[in-house]
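Let me begin by presenting the structure, written as structure tokens, before commenting on it.
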């Protein structure tokens, strides 16, 4: 059994789920699995995935886990009570193989499907890892982890260098991710700000880190009053739900140009900062800082979070570039939890429809743009002039 706890997921799934409960409880959605690279080499059978999903759907939150969730000040009592009786259902997931490649569709009420994405990706990643020689992989991973810790310790003037572990979805294995988190907590306590994985945060006494994912802003393309107002609608709904908590927002749902047009003085002051997840990070950061200055907001009071496929060397370069001009933080995923000496498939599960309507992500990286309906994508580009 690969997933042993429903807490073995990223925090932003719970924070979004609470907002769904309170703001969009009737929303119905669809997600699809996509392997952007090495799809033919994934080597994971639909049968094995179905077996692990069946195991996942037997899990319930344990009393200790519910007590932990209740201790997080931004999670409300009614939502935690829903989680106390919550259980995933296999009926919402279809897994097939076509021409040797996995096809996975998750569909149903948003409230009942939102927790599938992260564990399903973790399942596929761990099944893929079974093809590696375990002894060699673990030895390689340990040596590379040692070197990363050494690099951080060797940094000059690194008091403001903070990383968070973001690697649940594409980890080598559950056990390896736990080991990585424990090593980082023991060896780099002043530099590890926390982990996105709620189970490891609870078990290791770390801060759980996360706010919103792309799907929240995507869904608002179907749930908002007007398409052109969808980003503002999502940001306002989030602000009303969390009232000052969880104030980091993604910028690349419809591209940075469209985001900055919507991210006016009100939102600049309302949110603590922004997260980079596509496009050139230096160019992105410079444009964000310039935008804050135009809004007459001190960039040094805001946080830039970098999380787009980062490795440690890139995080260090970005830290040196932006240090002193804004608060900077780094979410590092696969480079920490699956750096075992093998090429890895680039896998995602993304929302494709909400209430029967296509939704899209127009990324600052064209390879990350995702939509199942070309006509809707063209219309979205026209509406937002991108």
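The values are calculated or read from the model by the stated rules, or taken from the named source; none is laboratory data. All of these numbers come straight from a predicted model, not from anything done at the bench. Positions of Cβ are backbone-derived with ideal geometry, glycine not excepted, and every protein chain shown enters the neighbour counts.
Data overview
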| item | result |
| --- | --- |
| Selected residue [within 24 Å of the chain's Cα centre (by Cα) and within 30 Å of residue 114 (Cα to Cα)] from 360, 313 | 360 |
| Residues of segment 305-347 satisfying the condition of being in a strand (DSSP E or B), modelled with pLDDT under 95 and surrounded by fewer than 19 Cβ atoms within 10 Å (Cβ to Cβ) | 323, 346 |
| Residue match in segment 270-293 (condition: assigned by TED's automatic domain parsing to the domain that holds residue 218, farther than 18 Å from residue 325 by Cβ and surrounded by fewer than 18 Cβ atoms within 10 Å (Cβ to Cβ)) | yes |
| Residues of segment 348-386 that turn out to be in contact (Cβ under 8 Å) with a residue 60 or more places away in the chain, surrounded by 16 or more Cβ atoms within 10 Å (Cβ to Cβ) and in a strand (DSSP E or B), as a count | 9 |
| Any hit, segment 226-241, residues being part of a loop (DSSP other than H, G, I, E, B), assigned by TED's automatic domain parsing to the domain that holds residue 165 and in contact with a helix residue (DSSP H, G or I) (Cβ under 8 Å, 6 or more places away or on another chain) | no |
| Count of residues meeting criterion [crowded, with 21+ Cβ neighbours inside 10 Å and part of a strand (DSSP E or B)] in segment 161-206 | 7 |
| Segment 109-151: number of residues that are out of contact with any strand residue (DSSP E or B) (no Cβ under 7 Å at 6 or more places or on another chain) and not in a helix (DSSP H, G or I) | 6 |
| Residue 314, sole failed condition from (1) under 27 Å from residue 128 (Cα atoms); (2) in the same structural domain as residue 109 (by TED's automatic domain parsing) | (2) |
| Residue within segment 260-267 that is assigned to a loop (DSSP other than H, G, I, E, B) and either at pLDDT 95 or above or more than 15 Å from residue 326 (Cβ to Cβ) (or both) present | yes |
| First in segment 297-311 and within 19 Å of residue 264 (Cβ to Cβ), second anywhere and at pLDDT 95 or above and in a loop (DSSP other than H, G, I, E, B), Cβ under 7 Å, 6 or more apart | 299/325; 302/272; 303/272 |
| From the options 249, 207, residue that is within 18 Å of the chain's Cα centre (by Cα) and within 14 Å of residue 267 (Cα to Cα) | 249 |
| Residue in segment 152-160 that is in a helix (DSSP H, G or I) and surrounded by fewer than 23 Cβ atoms within 10 Å (Cβ to Cβ) present | yes |
